[in-house]
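Colleague: To start, I am sharing the structure in question, which I have written as structure tokens.
No lab work stands behind these numbers, since they all come straight from the coordinates. Please read these numbers as outputs of a predicted model, since none were measured by experiment. Every residue, glycine among them, receives a Cβ derived from its backbone with ideal geometry; neighbour counts consider all protein chains shown.
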Amino acid sequence: MKLTVSILCTLGLCTTLGCSSLSEDVCDEHCNCEPCSDRDYEDCVIRTDAQLDIYDSYDCGTAADDLYACAIDRGYCRDDHWTYGDACERESEDLQWCVGSASLLRGNDVPRPN
């Protein structure tokens with residue numbers, strides 16, 4: 001399904017079909033909790049897309065997708081601040097490990113989380 005949505009988005013059919021990107025889903029959750037103007041929302045989508053591109057450049061797109069999906073599923077609003085707290089700790093550690101092990105600065109010296 002994710003591949004199908006990606007292909008549809010690449011073809012420019014997402015808005016026509018009502019699909020949304022992972023970045024839009026994250027920003028929807030964020031802006032449902034924290035008041036966002038249209039510009040704030042657009043900035044959020046752009047920043048999130050850019051961050052996902054960086055993770056992809058480290059070949060960590062799957063780990064990033066897992067963390068963002070967890071954040072969407074388990075995130076909550078507390079005092080007008082959207083967070084996922086410790087609910088996605090495993091996914092966050094996996095992403096940190098992936099980026100750290102792929103980094104030229106750190107190489108493969110990063111221990112894999114349990």
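Colleague: Which whole-number percent is the relative contact order of region 23-95 (Cα, under 8 Å, 6+ apart)?
Modeller: Once normalised by length, the contact order is 34 percent.
Colleague: Continuing with the same structure: For residue 24 paired with residue 102, estimate the spin-label separation in nm (one decimal), with each label point 7 Å from Cα along the Cα-to-Cβ line.
Modeller: Going by the 7 Å Cα→Cβ label model, 2.5 nm.
Colleague: Treat the count of other C-beta atoms within 10 Å as a stand-in for reagent exposure and order 84, 76 from fewest to most.
Modeller: 76, 84
Colleague: Once phi is turned into ³J(HN,Hα) by the Karplus curve 6.51 cos²θ - 1.76 cosθ + 1.60 with θ = phi - 60°, what whole-Hz value does each residue of region 89-95 show in order, with x for glycine and proline?
Modeller: Result, rounded to whole Hz: 4, 4, 5, 5, 5, 4, 5.
Colleague: Using only the alpha carbon atoms of region 22-102, find the Kirkwood hydrodynamic radius as the inverse mean reciprocal pair distance, in angstroms to one decimal.
Modeller: 13.0
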